[in-house]
Every structure is written in C-alpha cells, then in structure tokens.
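To keep things clear, I will list the structure first and then write my remarks on it.
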Amino acid sequence: MGIVIQKFGGTSLATADGRRRAVHWVARARAAGHRPVVVVSAMGRRGDPYATDTLLDLLAPLPRPPAWEADRLMACGEIIATVVMAAHLRAEGLDAEPMTGPEAGIRTDDRHGDARILSVDPAPVRAVLDAGRVPVVAGFQGRTPAGRLATLGRGGSDTTAVALGAALGAELVDIFTDVDGIKTADPRLVPEARTIPELAYEEVFQLANAGARVLHPRAVEIARQAGTRLRVRSTFSEAPGTLVGPGQGFADPWGHRQPDRAVTGITHLPGLTQFAVAPPAGAEADQHWARLLFRDLGAAGISIDLINLFPDRVLFTVPSPAAARTRQTAAALGGAVEEHPGRAKVTVVGSAIQGLPGVMAQVMEALAGAGVPVLQTADSLSTITVLIDGEHAGRAVQALHRQFGLERDPAAVRAAPVGAGRPPGHAAASLDG
C-alpha cells in the first residue's frame, strides 16, 4: 500500500463539521488501500482559541520573550490539533497516534520563528504506519541541533507535509484547504476565476512567491527537488482540485505553450512600501554605494524586492512592517530617503512567458485601459510584475484576468493538436483518496 500525506489547514479543522470532513478523507484513503499520514495546522484563525495568531496575542502587551520561548507558545496550536484530530479518528474506528514535529523526525536549523528543515528521519512515522495506526503530525515545527522546538514560519505546515512526503516516498501530498484548488486569480477580486486543473512546479512556485496563499514557496521547492506530486483541494467538496507535479501544466515536454495560454494566473501582493534612496550630495549611486546600501539592509534582516538601480537613486520595495527599519538603515548612509507606503505588486505568471512576443504589450494595454498607473516593472522567465498603488490592485487584477482570457475553460487546450499543446496520451495522474 502506498503512502499518502493529507495536510489539513486551520480553516478545515476550526469546526466539528470540518474535522468530521477531514476524518472522511482519511477513512476514504484507507479504504482505497493507501496508508495516510495526517499533518495538521492549528485550528482556526485569529480569534479562535488555539489559532497561532491568537496565542501570539497573549504576548502583545508584554515585553517580547526570546524567540525560542515564543516558538514554544506558537507550536502549541498544532500540538493541540494533533490530539483532537487523533481522537476524532479513533471515534470513527481508525487507530491514530498524535506526534509533534520533533517526534516525527523533523530536524531544523536554529532560526527560531522562521526555521528551515535540515533533514527528516522517516523511521518514527514509518513505525507508526507499520503498527497499523494513522500518524497525526503537528505541522510548522521541528527540533533544532540544540534540542529546542523551532517553528517554520508562515506556511510551515505545508512545508512539513511536503518534507514528510519526500522523506517517506509518498505517492501524493494532498493539501486540504477551504478552496477547491489553485485559482487563476483571487476569487475575492475576480469572482469568475477558474480552478486550474494542473500546474508545473515552476508555475506554482511563482504564483506562491508573488502572493498566492494556497501553497508556500518553500513547500513547492521541496516538492520539485524530490519530484513529489501535490494536489490542492477542498476539505468541503468533491472537486478534483489542482494537481502539481513533473509534466503537469499546459506546456509540452519541450516547454512550448499555446499562445492563448501563455498566462497561467494573476496574483497580487498588497502591503508594500516603495523606497527611493539617493546617495549623499556629491556622490553617485554607483555599484560601491549600492553595495553598502544592500549590505546594511541585509545585515538588518530586511528583504528587498523590485530593485532598480539608476545613476542618481536606487528604487526597491519592502513589506510595510519593515518600513521603519528600512528608513533608519538607509538614512544612516547620509543620503535622501523617499518613502511611499500603500503599494501593491501584481504579477502575471506563465511558464516560458519570456519567450512569447507581445505579452508585456498586453499587460500595459490592460492596465492603461483600466486607468492603473504603473510605477515599476520587473520580469523573469515566467513572470511579469508591476508595482502600483495599492488602491488599484483589484482593478488591475480584474483587467489582466480579462485581457488574457483566463475565465475560459481549458478543455480546448487539452484537445489541441500535437505541437500546439499537450502530446496525445499525456494525461494527468490522480489518486482516489
């Protein structure tokens, strides 16, 4: 029997009905002949008793404790969820064993609050499986070399699930959530956004990295390196979801795409602050000065994006919570610092998008037609990103979604002749369960 990983997010576990649905999926996997390993997030969201943000709120009026102590508090929600989920499984006749991340063999570095997984020992989870029980593993956590509990940062339960799947050689990692798959855009902004049936790793990584919140970029990268297939689907419906893996997506094996399917999706990331930093009077914004600026920002732990270097200034963006530290760090070099809060970036994603002529023209045409001024641009092999005023984000996403026809059903693409799309017989694989 093959191993499958089933990860349930906080919204899936927030209510008794949601937990019953999760048990249904685990029982269904067992009935189909699979050996499920369950990974859980903390139950609910801020305001729910055991959600991670609710636990952090307990510290809000107090001096911030050391990071390793805060990790002990933040990890509690997932540990509680393992016990509750295991009890629900046993109530339905499925023997289950709750496990913390360290008990499941997950080893991390010592970057408390944002740790990276260094290794996974599959033996503890295999032992539970071999005993005929369902392992219920706490996501978002592992053990440092010093033996302390460390948390993995936002999206850490996705990362836990995929890392376990890679270590155990799982047939599939199912990410159960409250949406029925990865969408062509945020359905809160674009009600007609479609669920994308299948995607390649690179497309999902770029969507996640640019603001889509269904999967964490680290989880996608682990899956890509291991060749582990993922599926994003809803806990609450029978919709097939989105399959992610090698050979998935709308590109053929040589990376060619149909011209009318160059774009996979549109994503947006609000809450950014744009900085324009000029060197001191009489100096130039040359490579040496820029190196000092980037060095000091890096030393302050500030991650910057959308970097443009000009003779008289440097432009870049940071998440708005880092704006104050950025301002102080940049000003310490003696130059002029301009700060523009309330920015958002909107990204057009599609594999091999760079090789298709006219895509940037379509982006600019759509935004001009929607009356959205573009402040900065950046592009890569599979993305085109524009920085805009945050108040225009919804209008920009809607305009780009229409421009590239992403509301259309992909059935026509699947029926395309060889050379224009998917070769005959190249069908998506799936698992029942």
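The values are calculated or read from the model by the stated rules, or taken from the named source; none is laboratory data. Predicted model only: the values in this text are computed from it and were never measured. Reconstructed Cβ throughout: ideal geometry from the backbone, glycine too, with neighbour counts over all protein chains shown.
Brief remarks follow.
- Unmet criterion (only one of (1) surrounded by fewer than 21 Cβ atoms within 10 Å (Cβ to Cβ); (2) assigned to a strand (DSSP E or B)) for I5: (1)
- Any hit, segment 292-300, residues being in the same structural domain as T385 (by TED's automatic domain parsing), surrounded by fewer than 14 Cβ atoms within 10 Å (Cβ to Cβ), touching a Ser or Thr at 6+ places or on another chain (Cβ under 9 Å) and part of a strand (DSSP E or B): no
- Scanning segment 131-150 for residues that are buried (at least 22 other Cβ atoms within 10 Å of the Cβ) and either of a type in the set (G, A, S) or under 28 Å from K345 (Cα atoms) (or both) turns up A138, G139, F140, G142, A150.
- In the set (1) of a type outside the set (K, R); (2) in a loop (DSSP other than H, G, I, E, B); (3) touching a helix residue (DSSP H, G or I) at 6+ places or on another chain (Cβ under 6 Å); (4) closer than 24 Å to P36 by Cα, the condition left unmet by V179 is number (3).
- Any hit, segment 185-193, residues being touching a residue at least 12 places away in the same chain (Cβ under 8 Å), surrounded by fewer than 24 Cβ atoms within 10 Å (Cβ to Cβ) and basic (K, R): no
- Within segment 393-419, residues that are surrounded by 16 or more Cβ atoms within 10 Å (Cβ to Cβ) have Cβ atoms under 6 Å from residues that are at pLDDT below 90 and outside any loop (DSSP other than H, G, I, E, B) in these pairs: V413/R261; V413/G421, counting only partners at least 6 apart in sequence or on another chain.
- If you go through segment 8-36 and keep only what is loosely packed, with under 14 Cβ neighbours inside 10 Å, at negative phi and not in a helix (DSSP H, G or I), you end up with just T15.
- Residues within segment 37-46 that are closer than 25 Å to E103 by Cβ and surrounded by fewer than 24 Cβ atoms within 10 Å (Cβ to Cβ), tallied: 1
- Unmet requirement for D71, which otherwise passes all of (1) under 30 Å from A127 (Cβ atoms); (2) of a type in the set (D, E); (3) at pLDDT below 85: (3)
- When the test is whether a residue is closer than 17 Å to Q206 by Cα and hydroxyl-bearing (S, T, Y), S351 passes it.
- Some residue of segment 121-132 being within 21 Å of the chain's Cα centre (by Cα) and under 24 Å from Q225 (Cβ atoms): no
- Number of residues in segment 122-176 that are part of a loop (DSSP other than H, G, I, E, B) and over 18 Å from R30 (Cα atoms): the value is 12.
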